[in-house]
Structures are given as structure tokens and as C-alpha cells.
Amino acid sequence: QKKKYIQIFFLIFFFFCSEDLRRWFLQQEMDLFRYRFNELTENLMQKFLEHVNLSFEAIGDDLKNQLANELSASTPGFTLPKVKEQMYYKVGLADAVDLFRARRVFIKDGFAYVPFKEIDVIVLNNYRTKLSKALALTARSLPSIQSDERLQPLLNHLSHSYVGPDYSVQKNTGKISLEQIDALSVKSFPLCMRQLHRALRESHHLRHGGRMQYGLFLKGIGLTLEQALEFWKKEFIRGKVDADKFDKGYAYSIRHNYGKEGKRTDYTPYSCMKIIMSNPPSQGDYHGCPFRHSDPELLKQKLQSYKIPPSGIAQVLELVKGMHYQLACQKYFELTHDVDDIGFSLNHPNQYFTESQKLLNGGREPKKEFSNSGNFQQKNNSQESINSSSTPASSNEKADTELEGLEAYFTED
């Protein structure tokens, strides 16, 4: 348990290193809390609200019948019969501002009448307020942490750490021809590498950041040193770089990436985290993560040019808005490969390429999602089965167990 607290402590301090990291951390915590809260049954939700002192006044049937027409008109998707089935709470307007702003609740005499299905919005706002306050208090210790020579290198390293396959050794080495790259860039390259390849073909040049990111990716998918030298030279001499200038100014860095110059380090392709968190592109650059570093409107135009359907683009942009950049890339994979669920967690551009090739060449079966309604029904049926076979004592124990993981969110100042 002590090790767990230490790990959380350092993780929180790491996410205070920049404003982007702070916002990302807060968003992930909110998403996790939302998921855990919505997984609770209605009975456990009630117990949880009482546990964290968010017990709102439930209105009686008489008042609900009296306000039925107003509640139905003010709550999207609620017919009169549904209003009568749903439990409503009388909540102070200050606690229901988001719902009021979105016109999803009925307001009267300074109170919002909130249906039980919308109560999670209020709980989440309460959680965000408490978490933000706790993080602000924690941030006061950051200067002393940053001045500690033992800890600063550790914090700096966390943003680039990656524990998956490094793709330094590929079974495909030498098996991919230069003539295949154009077709592969359309079918199996992640958007970041497709963008770099297209920019290279159009301008016949990439700046250092782009050459490093794309060159190591090509190395990871199987290009040999000789192929890499030929590939880059052919493209650069089509632009403003002649053969002699390429040999003197660019060939060395390519050999260096393959461990043939300098310290003889065999460099590995960049992971998603490294691309997202380091060396953001500036004007004229094409490296980086398009989901992280592109303007949303430009990203939308790019996806449209790649024939992504409007509904898919909307899903991608929603993930980008929530700072879920790797999930946005996973959605891009699904849309370009016509699958519902890719069946893996995407952490590396070369992983994207490998999984794409497996899928296109019949090496793996795409997963199909259950519909939301099917999942919901299955969850309800499973819960009813559990409830019907449990004794009251075991139900209480189960409630205590499920609440235990959530109570720390609200009990710590």
C-alpha cells in the first residue's frame, strides 16, 4: 500500500510539469470517475450520494404529478409516462448550472428539478471542484520537488517512458520495397506518418524533426540502411538538394540512426507518448501528432480529404476535444479499416502499421462491438441475476466493497 501511495504521489507531481499535462490529468480522472459511477446500480448510487453528503431532496408523487407537463417539456426525451416512472430531485440552481445552461431541467423558485438519470452531471461537477482544490494544494510542494536533483530526472523521464515493444528489430527487414511505400502509406500508416510521407512527396524535403520521426518509423517497418539512404536521396534530389549536398549533409544522420556513426547507438522508433509530449512542430514542420498538434478545423479538412465519413470525423474530433489523442488515432484505424473494435490499445505508430498489415493480410480477426442497448441489457440481466441470488448480508458487503474504491475521492481534503 505504501508503494502504491508513493507511485500516485510521483504521478501527480509529473502531471504538474505543464498546463497541458494538468488539464489532461484532470480530464482522465473525470472520465474514470464517470465510468465507475455509471457502473453502479441505482441502489448503490443512492448509497454513494448519501455517503458523500450529496443527498438531495426527492420530490413526492403529488408534486411530480402537479409538475408533470413542465418536467416532460423540460427534460429531453421524457414523455409523461416516463416522467412518472423517473425519480426527481429538487436541487439548488448553483449545483445544476450545467444542466440549466443546456436546458435539460425544469427550473422553479431557484431550484432545478433533476431526473435521476442526470444526477451524474452534478456529482461530476462536485468531484471536479474537490479534485481541483486538492491538486492546487498539492502544487504548492512542486518547487521543492523540482529543486531536488534526485527526483527531477525521474520526473523529466516519465513523459517519454514507454514499456512496450521498441520495434528496433523487425522480422520484415529488407522485405519491404521502396515501391511499396506509397501504397502502404495510404493503407497502413498512422495519420502522423501518412502526413509526413505526403509532405515529403510534395515538398521533397523534411526538417530534422520530421526526418527523425519518419526515418525511424521506416526503419521500424523494415527498411534497411541501404534502402533508407536510397529513399531519402531520391526524394531530396528532386527538390533543392543535389546529390553531393545530400551525401555531405544528410547521409550521416541516416547512418547515425541505424547505429553506424557516432556512439553507434541503434535508435528505436518514437512511441505515441514521445511524439505527443515532446518537440511540438512549428511553422513549416510536419512532425508531431496530428490529433494533438493540428488545429481542429485543419484536422477535419485532412480527414475529409482522406474520405473519412462525417459521422466518423465527428467522433474523432470529440475524442480530440477531450484530449484523448491515442483513442482518436484508434478511431481513425477503425474508420480506415472498417472495423468496430480494433481489439488492442494503441501506443506506437509501428504497432499501428503491424496490426494494420495483420488485418489486411488475414493475420487477425476484427472484433465487432455489441450495441449499446445490448450491453445495457446484458449488464442489467447480470445484475438482476446477482441480486436475486444474494442474501441481504452479501448485498451489503458488495455495496461496501464497491463504495470503498470511490470514497477516497471525496473524503480527502
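The values are calculated or read from the model by the stated rules, or taken from the named source; none is laboratory data. Source: prediction; values computed, not measured. A quick note on method: Cβ atoms are made from the backbone with ideal geometry, for glycine too, and the neighbour counts reach across all protein chains shown. Heavy atoms of the whole protein, side chains included, go into the accessibility calculation; ligands, DNA and RNA do not. Shrake-Rupley method; radii C 1.70, N 1.55, O 1.52, S 1.80 Å.
Assorted remarks:
- Within the stretch 66-89, tally of residues that are open to solvent by 60 Å² or more (accessible area, probe 1.4 Å) and over 33 Å from the mean Cα position of the chain (by Cα): 11
- Evaluation of M273 against (1) among the aliphatic types (A, V, I, L, M); (2) open to solvent by 20 Å² or more (accessible area, probe 1.4 Å); (3) in a helix (DSSP H, G or I); (4) touching a helix residue (DSSP H, G or I) at 6+ places or on another chain (Cβ under 7 Å) (one fails), failing number: (4)
- Looking only at the stretch 38-60, residues that are closer than 18 Å to Q86 by Cβ, part of a helix (DSSP H, G or I) and under 27 Å from the mean Cα position of the chain (by Cα) come to 2 in all.
- Residue within the stretch 130-137 that is assigned to a helix (DSSP H, G or I), under 22 Å from G239 (Cα atoms) and modelled with pLDDT of 80 or more present: no
- For first residues located in the stretch 70-90 and not assigned by the TED database to the domain that holds R104 and modelled with pLDDT of 80 or more, partners that are open to solvent by 30 Å² or more (accessible area, probe 1.4 Å) and among the basic types (K, R) and lie 6+ apart or on another chain with Cβ distances below 6 Å do not occur.
- Meets criteria (in the same structural domain as Q46 (by the TED database) and within 21 Å of N38 (Cβ to Cβ)) for K117: yes
- Scanning the stretch 84-113 for residues that are of a type in the set (A, V, I, L, M, F, W, C) and under 19 Å from T41 (Cβ atoms) yields a single hit, M87.
- Single residue of R207, R264, R211 found to be under 31 Å from the mean Cα position of the chain (by Cα) and surrounded by fewer than 17 Cβ atoms within 10 Å (Cβ to Cβ): R207
- Of all residues in the stretch 300-329, those satisfying the criterion of being hydrophobic (A, V, I, L, M, F, W, C), touching a Phe, Trp or Tyr at 6+ places or on another chain (Cβ under 7 Å) and assigned to a helix (DSSP H, G or I) are V316, V320, A328, C329.
- Total residues in the stretch 160-185, condition open to solvent by 50 Å² or more (accessible area, probe 1.4 Å), in contact with a His (Cβ under 9 Å, 6 or more places away or on another chain) and modelled with pLDDT of 90 or more: 1
- Within the stretch 90-117, tally of residues that are open to solvent by less than 70 Å² (accessible area, probe 1.4 Å) and assigned to a helix (DSSP H, G or I): 6
- For the criterion of being open to solvent by 40 Å² or more (accessible area, probe 1.4 Å), assigned to a helix (DSSP H, G or I) and at pLDDT 85 or above, L63 passes.
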